[in-house]
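Structure record follows, encoded as structure tokens.
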Amino acid sequence: MTIDGGRLHLAVQKSGRLSHNTRELLRGAGFRIQEGKNDLAARVENFPLDLMLVRDDDIPTFVADGVCEFGVVGRNVLEEAAAEAGTAPVEVVAPLGFGQCSLRIAAPERTVYEGPQSLAGERIATSYPRLLQRFLDRHGVDATIVRMSGAVELAPRLQIAGFICDLVSTGATLEANGLRPVETLLESEAVLIRTTRPLSPDKAELGEQMLSRIEGVLATQESKYIMLNAPEEALEQIAAMLPGAEAPTILPLAGRPGHFAVHAVCKESVFWETLQKLKSAGASAILVVPIEKMMM
Ligand code: PRT
Ligand code: ZN
């Protein structure tokens, strides 16, 4: 793959569980993705950025080698690649809040499990041999790793292995196959990664612009703008209750001496319970509104 000098390259999963959310995140950040035609890349029309459409397993290498300056990949794939001796590092820039799953060891319901020692001498089927080996080493357990590229959950029924080590999100697949999780090796979600190779000043600047837009979208996902009125004596207590808010704005209310309006950006979810507590502390006319864009 050759690189077009002036444009940034973001490696994304071509088709799979991360594709839709990755594109939605980019669209939310204002990047207009040109669809169609090219199977290998998609151009962003309004920013010098190309999406390289690849298999998720290739993303850590592309970014480590600098073929793509950035990438979006599951932490599980990244860690498995990183556990390979001699692999060049990449920098994790931000967790993206989607693609959550965990890498877990599971066994048939009837299997007795009393901790990692129960794995000694057993066969464990997985697509994550290095992460599994690392877990076994950490616990000083000797077991046989059976490498499978898919349908790992069938291994016990096919008597290929007594245990499996696979990704779990809802747990429905395990349940459907009569398996129960016994260990968690890794909590994963999609992450934005960046090459550690030096970038030209122009590309570094473009990268910063892209990141600041993406971080803006991530920040607004949970954030809310909160407005309320409060008497002076309750201000301190109320300000301390606002979830994830820094330095609220406090303005005097016209015609109501001793009363103030409090405005703040809350960077965490605002629950009904919080509103109830604010009210009990003396707040009134509480408004919580979504934030569309934010740039810090
Ligand atoms: O073709 P390519 O190599 O790009 O894709 P892929 O088939 O290797 O990956 P894909 O699209 O299946 O998953 C991409 C990424 O999504 C993974 O690397 C994870 O980071 C993330 N992810 C999140 C998951 C899951 N949730 C998940 N549930 N990846 C796989 N699964 C599978 C799991 O392996 C098991 O078969 O779903 C099944 C379990 O799901 P539950 O909901 O029944 O528990
Ligand atoms: Zn893959």
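The values are calculated or read from the model by the stated rules, or taken from the named source; none is laboratory data. Everything quoted here is computed from the prediction, not taken from an experiment. Here the Cβ positions follow ideal geometry from the backbone for every residue, glycine too, while neighbour counts run over all protein chains shown. Please note that ligands, DNA and RNA were not included when accessible areas were found on the heavy atoms of the full protein model with its side chains. Shrake-Rupley method; radii C 1.70, N 1.55, O 1.52, S 1.80 Å.
Give me the dipole magnitude in Debye, nearest 20, for the stretch 224-290 about the Cα centre, with unit charges on the beta carbon: positive for Lys and Arg, negative for Asp and Glu.
Details: 5 positive and 6 negative charges, 41 e Å.
Around 200 debye, computed over the stretch 224-290.
Plainly put, the chain has a radius of gyration that is 1.09 times its Kirkwood radius, both from alpha-carbon atoms, as the Rg/Rh ratio. Of the cross-linked pairs Lys37/Lys203; Lys14/Lys224; Lys14/Lys203; Lys224/Lys277; Lys224/Lys279, those separated by over 29 Å at the C-alpha level are Lys14/Lys224. Only protein heavy atoms count here; on that basis, with a 1.4 Å probe, Asp39 has an accessible area of about 100 Å². Projecting the Cα atoms of Pro252, Thr195, Gln34 onto the charge dipole of the chain, computed from C-beta unit charges around the Cα centre, puts Gln34 farthest toward the positive end.
Please get the size of the charge dipole for the stretch 91-175, origin at its Cα centre, with Cβ charges of +1 on Lys and Arg and -1 on Asp and Glu, quoted in debye to the nearest 20. Walk me through the numbers before you get to the answer.
On the way: 8 positive and 9 negative charges, 31 e Å.
Here the stretch 91-175 has a charge dipole of around 140 debye.
Whole number please: convex hull volume per residue, Cα atoms of the stretch 224-290, in Å³.
Working: hull volume 4.8 nm³, N = 67.
Output value, Cα hull per residue: 72 Å³.
When the surface is traced with a 1.4 Å probe over the full set of protein chains, Arg180 keeps roughly 70 Å² accessible.
The residue among Leu242, Thr274, Val289 whose Cα reaches farthest toward the positive pole of the charge dipole of the stretch 224-290, with charges on the beta-carbon of Lys, Arg, Asp and Glu, is Val289.
Mind running the shape call on the stretch 174-233? Use the C-alpha gyration tensor, a ≥ b ≥ c as the square roots of the eigenvalues: rounded below 1.5 for a/c, prolate if a/b tops b/c, oblate otherwise. Because a/c hits 1.5 or more and a/b fails to exceed b/c, the stretch 174-233 counts as oblate.
Relative to the longest principal axis of the Cα atoms of the chain, helix 19-28 runs at roughly 20 degrees. Remark: the Cα gyration tensor places the stretch 1-77 in the oblate category, a/c being 1.5 or greater and a/b not exceeding b/c.
How big is the C-alpha Rg of the stretch 157-263 next to the rule-of-thumb value 2.2 N^0.38 Å, as a ratio? Intermediate values should be presented prior to the final figure.
Details: Rg = 25.3 Å, N = 107, 2.2 N^0.38 = 13.0 Å.
Working it through for the stretch 157-263, the quotient is 1.94.
Among 279-290, 234-245, the peptide with the highest mean count of other Cβ atoms within 10 Å heads the list, and the full ranking is 234-245, 279-290. Accessible surface computed residue by residue for the stretch 224-290, with neighbouring protein chains in place and a 1.4 Å probe, gives 61 Å² per residue. Rounding to the nearest 10 and keeping the result within 0 to 90°, find how far the Cα-based axis of helix 129-138 lies from the longest principal axis of the chain. Roughly 90 degrees between the two axes. Loop-located GluC sites (Glu not before Pro) in the stretch 35-109 (DSSP state other than H, G, I, E, B) with a sparse environment of at most 15 neighbouring Cβ atoms within 10 Å: Glu35, Glu45, Glu84, Glu109.
In a simple Cβ point-charge model (Lys, Arg +1; Asp, Glu -1; nothing else charged), the chain has a dipole of about 480 debye relative to its Cα centre. With Cα atoms defining each centre, the stretch 174-248 and the stretch 50-67 are spaced 24 Å apart in the structure. Roughly to the nearest percent, how much of the accessible area of the stretch 152-198 is carbon and sulfur, given a 1.4 Å probe? Of all accessible area on the stretch 152-198, carbon and sulfur atoms account for 47 percent. Taking amide H as placed 1.01 Å from N in the peptide plane, His9 has its amide H under 5 Å from the amide H of Asp50, Glu69, Phe70, each at least 5 places away in sequence or on another chain.
Most simply put, the chain has about 75% antiparallel DSSP beta bridges, counting only bridges with both residues inside it. Simple rule: put +1 on each Lys or Arg Cβ and -1 on each Asp or Glu Cβ in the stretch 74-132, find the dipole, and look at Gly74, Ala94, Ile105; the Cα lying farthest toward the positive end is Ile105. Between the helical axis of 201-222 and the longest alpha-carbon principal axis of the chain there is an angle of about 70 degrees.
Does the stretch 101-188 come out rounded, prolate or oblate, given a ≥ b ≥ c as the square roots of the eigenvalues of its C-alpha gyration tensor, rounded meaning a/c under 1.5 and, failing that, prolate meaning a/b above b/c?
Working: a/c = 1.35, a/b = 1.21, b/c = 1.12.
It is rounded, given that a/c, with a ≥ b ≥ c, falls under 1.5.
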